[in-house]
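Step one of this worksheet: look at the structure below.
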Amino acid sequence: MTEKLFDTNPYNTDFIARVTEVADDYIILDRTLFFPEEGGQTCDRGTISFDGRDIALDSVSVSGDDILHHIKGASRIFSTGDMIKGHIDWAHRFDNMQNHTGEHIFSGIIHSRKGYDNVGFSLTETTCQMDYNGPLTDQEISEAELYANQIIWQNLPVECRYPSACELKDMDYRSKKELSGPIRIVTIPGVDVCACCAPHVGFTSEVGILKVISHMNYKGGSRLYIACGKRAYLDYTRSFDSLTRIGHMFSTGRSEAVGAVERLCSKNRQLSSQLNEALSAELKRQISSSSDNVIFTSVTDRNILTDAFNLLKESRSGACYIFSKKSDNEYSFLAGGTDIDARTLLPPLKAIGARGGGKALMIQGSVCKDAEAIRAAVSR
Ligand SMILES: [Zn+2]
């Protein structure tokens, strides 16, 4: 059985331990600070120093009462009884502690306000994801987020202890699964009481800040992603930099940047509409100023092409084609005629590699050939 030093000393980074079991790719120690991959979060990273070497851990997992420290070729390095020094990657550990404690605060608030349980939790190197078994509105999420930050600012203690079986009987606490053996209860007074085995920060202010990054409906409930502490700071920095750059593009400040982009989008829609009107008029002029049944154009707007094709069909007899240039040697096409079955026009086009299909009134598709080859194929 491995003594879990992280249970009572989550802020320690170094420890001495004795190797109690050696296998090909792992060792078991009598005690450890390395938190294993458990409860949806990644394991601690770090090194084991032995025989003058610092050996990086591949991973840490749990097996019954033992914690396995995975190192490739462990049996060639260690023997039972060896004394080692362990060192955990504190930046990674603290990042997990901040985000994990943030989850407790947010889930405690959702539980007390809505009665929902956290039914799924995943804490990876880049994401902190929580699932709740009920729907949440944008406003409920914003209010819970604000209150979570107020709890952080209050600097409440995060207490971890093993209550007696008698005490536990009368205790109302959150738990993601049926538990056996001694149960570790993590309490943030007035906010959350939850069974949990992971390392947490000692006081809520160490979470720093909690931001809901995104949320969605999920299996009749809600899925949320949060960022706490350094992750929230880095996310803020990226967003700040982006908004500042957008502001610079419009020679304005961050607070005016969204308005400037909205005005640009509106202007862009107006210009697109004017451009389409001009292109449509030009294409119609091209059709009425000749008697050619085969029209090549650089217009690509689908509505303009359909309108022009209808005009072409109505003003000609026989097979009519409009080829719209997508790139140097690629055209999309519409073909048909008022007095023919459009499907009869497809074989000559397919003979030069066209792809497409359609009904008696019109066929459509694309072909990768130059205008000369296309014209030759449809003129046969
Ligand atoms: Zn926890």
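Please treat every number below as a calculation from the coordinates, not as lab data. It should be emphasised that the depicted structure is a prediction, and the values quoted were computed from it without experimental measurement. Please note: Cβ atoms are built from the backbone with ideal geometry, for glycine as well, and neighbour counts cover all protein chains shown.
Just a few scattered comments:
- Among 297, 195, 217 the positive-end extreme of the charge dipole of the chain (Cβ point charges): 297
- Net charge, residue 143 excluded, C-beta distance under 12 Å - Lys, Arg +1, Asp, Glu -1: -1
- Helix-only CD estimate at 222 nm, as mean residue ellipticity for the chain, using -39500 (n - 2.57) per DSSP H run (n ≥ 4): -11500 deg cm²/dmol
- Note, ³J(HN,Hα) from phi for segment 168-173, Karplus 6.51, -1.76, 1.60, rounded to Hz, x at Gly and Pro: 4, 4, 9, 8, 9, 9
- Equivalent ellipsoid semi-axes, segment 3-88, via Cα gyration tensor eigenvalues times 5, rooted, Å: 18, 14, 12
- Amide H contacts for residue 117 (H built 1.01 Å from N in the peptide plane; partners 5 or more residues away or on another chain; cut-off under 5 Å): 133.
- Net charge of neighbours whose Cβ lies under 15 Å from the Cβ of residue 89, counting Lys and Arg as +1 and Asp and Glu as -1: -3
- Local electrostatic count, residue 55, Cβ distance below 14 Å [Lys/Arg +1, Asp/Glu -1]: -1
- Estimated vicinal HN-Hα couplings, Hz - segment 84-98 in sequence order (Karplus 6.51, -1.76, 1.60; Gly, Pro = x): 10, 10, x, 9, 9, 6, 5, 4, 5, 4, 5, 4, 5, 4, 5
- Per-residue HN-Hα couplings for segment 142-152 [Karplus 6.51, -1.76, 1.60; θ = phi - 60°; Hz; x = Gly/Pro]: 4, 5, 5, 5, 4, 5, 4, 5, 5, 5, 4
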